[in-house]
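Notes for the one structure printed next.
Readers should treat all values here as calculations from the given coordinates under stated rules, not as data from a laboratory. Not measured: the values here are computed from a predicted model. Counting neighbours? That spans all protein chains shown, and the Cβs are built from the backbone with ideal geometry, glycine included.
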Protein chains: 2
Amino acid sequence: MKLAILFGGASFEHEISIVSAITVKEKLASFDLSFIFCDQDHTFYLIEPSKMKAVTFSRGEHRKMQKLSVTNGGFEQKGLFGAKKHDMPVLNLIHGGDGEDGTIAAMLDFFKIPFIGPRKEASMLSFDKYYTKWFAASLGVKTLPYEVLHKDDKRVVTTAYPLIVKPSRLGSSIGVSIVREASELDYALDVAFEFDEVVLIEPFIASVKEYNLAGFAARGEITYSIVEEPQKAEFLDFEKKYLDFSRSGKVAEAEVHDNLVAQLREAFAKIYLPLFEGALIRCDFFEIEGEVYLNEINPIPGSMANYLFEDFQASIQKLLGSLPDKRAISVKYDYIHSISQAKGK
Amino acid sequence: MKLAILFGGASFEHEISIVSAITVKEKLASFDLSFIFCDQDHTFYLIEPSKMKAVTFSRGEHRKMQKLSVTNGGFEQKGLFGAKKHDMPVLNLIHGGDGEDGTIAAMLDFFKIPFIGPRKEASMLSFDKYYTKWFAASLGVKTLPYEVLHKDDKRVVTTAYPLIVKPSRLGSSIGVSIVREASELDYALDVAFEFDEVVLIEPFIASVKEYNLAGFAARGEITYSIVEEPQKAEFLDFEKKYLDFSRSGKVAEAEVHDNLVAQLREAFAKIYLPLFEGALIRCDFFEIEGEVYLNEINPIPGSMANYLFEDFQASIQKLLGSLPDKRAISVKYDYIHSISQAKGK
């Protein structure tokens, strides 16, 4: 089965995407894979599979490889004797900006390149934590209470300490701080505002139970991963997150009551079904007093959360067989025809 | 001043975009204009200025003209002796799908082509009337009360008659109906669901006062158009809308109290400033009992609402001089370096 892994991108998670692509390469060994790297200048390169190593990119060796351009229906490779089209489906594995903010999705859609990954609307709603709050509320999925601060706002906060400060639009814990008392707030806000104009503030609940659940839909039916209780660190810092993105070993299923699994799946389905068709996503939840709260949607989880699936290759194959079609619009010239007829020409 | 008008697109408003581009050509006569047509298959053509007539497109004559491809920094024209780059800024004049849903914006941004028009986030929030309701509420701008129906929902409606039924994601009055009594509801919903999976229902207020206000910001300061009281038809049907998109004559300023103008401008600024930098937009408002309600955001108004500006050419020039820069991200390989050093290679 042919599939092109698209990775890199102009984002703070550029390195993470490389690590993720290398992991997915291992996990999809039975596929006929191509590797398309998007560098920070948005130039595309076709990477030789044997060169799929982190140092290829950190040393800039990719620049010696074949450049690709994007055209209707696929990526094009120019050669002496004409152009070669790479028209297989694409797996969008660009984490963070570009990949998860809807840019790549819009571009692939525009050029009619079928792809695994969130569509542009789903991306926009999950990339910005503020929009995610809206979106979840509109679907009846609970999230923690929150406050929003804009860069120029007066720094008045009513959430009780300890609280957590997050840039609204970044993943991978970049710019996130736990604030235990008022004296630490200013610094935490300075850090968060380095990365975004909008910052979210939520209560920090030290002992909260966390559960992650991934899944995707094929022909309207959701395949759920196992439920994972993620390793308890206060929160994942950047380095731990890297390790997270290269995970490939299976994890143990969380020992949770069937009732909780049902609640998690119900919340997952509410989030997934309206907008995420075509993507494999991971939702991170809290459990508080028997109720499920959505913490975060990862529309392109690190290494696609392969470690949560019984049979990752079969899952990707199933998803590939059920990618959404963009509804084709047939353009009409009725109005122009009627006007030009009326004018007698 | 060089500027490329990008128009067409795979959308129900394809024809409208052509009409709009022809009008803008007249209104920006002192500019050095190029014309880039996007056909329904997403092929780009460079249109000779003398051929900027509606029949060029309805007869398919554009297909004989020069094809363009999109690359980093501009549109490229292949020739016998290499490629010619068209790297002037672009005015996105693709109405409806593609142009107003964020697709074109994402693509131009990705390829670092400076453009006039809404950015992808602004597009997505204004393209979907349901998101617009959210967005306005979060900014403290009033909108009419509404209900949302999804295609498979039970058709239970609590809004009193008469009411108005709108597909959530189309402009130009396509699929919109006024429903006077329950017996008409099913048909109106059938029509609306032809165009979208999600439908909005609002009270229909026959005698409501309507006011349109356009504007844009340059260096943080908003230039407002005059306030227009649009021609009173129950609502614009598709043909009237066409005429609307080719408007070029100045309109009379609405005779309204300064206090109302101030309220309209305040609401406009609340909507515009967070997300619409780089665009010239038109907001359509209702006035009800002395209060201003946002009805619709037109992020790419027909013929750019030229008829509302004292000096349209000077306005576009001012806007061109203040297009937002996408914050450049410098990719680092710190993590990969540290890992490979630890491994001793």
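The table for this structure:
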{"item": "Beta bridges per DSSP with both ends in the protein assembly as shown, % antiparallel, nearest 5", "result": "80"}
{"item": "Average beta carbon contacts from partner chains per residue of B:63-69, 10 Å cutoff", "result": "1"}
{"item": "Amide H partners (placed H, <5 Å) of B:Ile164, local residues excluded", "result": "B:Val179, B:Glu202, B:Phe204"}
{"item": "Whole-angstrom gap from the stretch A:205-219 to the stretch B:17-85, using each part's C-alpha centre", "result": "48"}
{"item": "Chain B - Rg over Rh from alpha carbon coordinates, Kirkwood radius", "result": "1.02"}
{"item": "Segment A:Ile329-A:Ser50, length gained on full extension (0.36 nm per residue, minus Cα span)", "result": "96.3 nm"}
{"item": "5 angstrom amide H check on B:Phe285, placed H, neighbours 5+ away", "result": "B:Tyr211, B:Asn212, B:Leu213, B:Asn295"}
{"item": "Residue-wise HN-Hα coupling along the stretch A:72-78, computed from phi with Karplus coefficients 6.51, -1.76, 1.60 (Hz; x: Gly, Pro)", "result": "3, x, x, 8, 10, 10, 7"}
{"item": "Unit charges at the beta carbon, dipole of the protein assembly as shown: most positive-side option, A:Gly290, A:Phe193, B:Phe75", "result": "B:Phe75"}
{"item": "Cβ neighbours within 10 Å from other chains - mean over B:101-110", "result": "6"}
{"item": "Binned Cα-Cα distances of the protein assembly as shown, short to long, each 10 Å bin given as a whole percent", "result": "3, 14, 24, 26, 20, 10, 3, 0, 0"}
{"item": "Test item: Cα-centred dipole of the protein assembly as shown, Lys/Arg +1 and Asp/Glu -1 on Cβ, debye", "result": "2940"}
{"item": "At 7 Å out from Cα toward Cβ: A:Pro145 inter-copy label distances (nm, ascending)", "result": "2.6"}
{"item": "Test item: A:7-16 mean partner chain Cβ contacts at 10 Å", "result": "4"}
{"item": "Label-point separation in nm, A:Ser30 to B:His150, each point 7 Å along Cα→Cβ", "result": "3.4"}
{"item": "Pairwise centroid distance, computed over Cα atoms, of the stretch A:133-199 with the stretch B:239-299, Å", "result": "33"}
{"item": "For the protein assembly as shown, with +1 on Lys and Arg beta carbons and -1 on Asp and Glu, the positive-most of A:Tyr211, A:Ser183, B:Ala10 along the dipole", "result": "B:Ala10"}
{"item": "Neighbour-count ranking [beta-carbon atoms within 10 angstrom, fewest first] of A:His14, A:His337", "result": "A:His337, A:His14"}
{"item": "Inter-label distance, nm, simple model (7 Å from Cα along the C-beta direction), B:Thr43/B:Glu197", "result": "3.1"}
{"item": "Cut-off under 5 Å, modelled amide H: who pairs with B:Ala218 long-range", "result": "B:Thr223"}
{"item": "Convex hull of Cα atoms in the stretch A:4-143, direction-averaged projection (nm²)", "result": "9.6"}
{"item": "Computed over chain B: relative contact order in percent, which uses C-alpha pairs under 8 Å that are six or more apart", "result": "17"}
{"item": "Calculated on alpha-carbon atoms, Rg and Dmax of the stretch B:147-203 in Å", "result": "9.9, 27"}
{"item": "Packing rank of A:186-197, B:32-43, where each peptide gets the mean count of other beta carbons within 10 Å, highest leading", "result": "B:32-43, A:186-197"}
{"item": "Rounded to whole Hz, the Karplus (6.51, -1.76, 1.60) HN-Hα couplings of the stretch B:247-255, x for glycine and proline", "result": "5, 9, x, 4, 10, 7, 5, 5, 8"}
{"item": "Using a Förster distance of 56 Å, the FRET efficiency for B:Ala83-B:Glu181 (Cβ separation, nearest 0.05)", "result": "0.35"}
{"item": "B:Val256/B:Asp311 FRET efficiency (R0 25 Å; Cβ-Cβ; nearest 0.05)", "result": "0.70"}
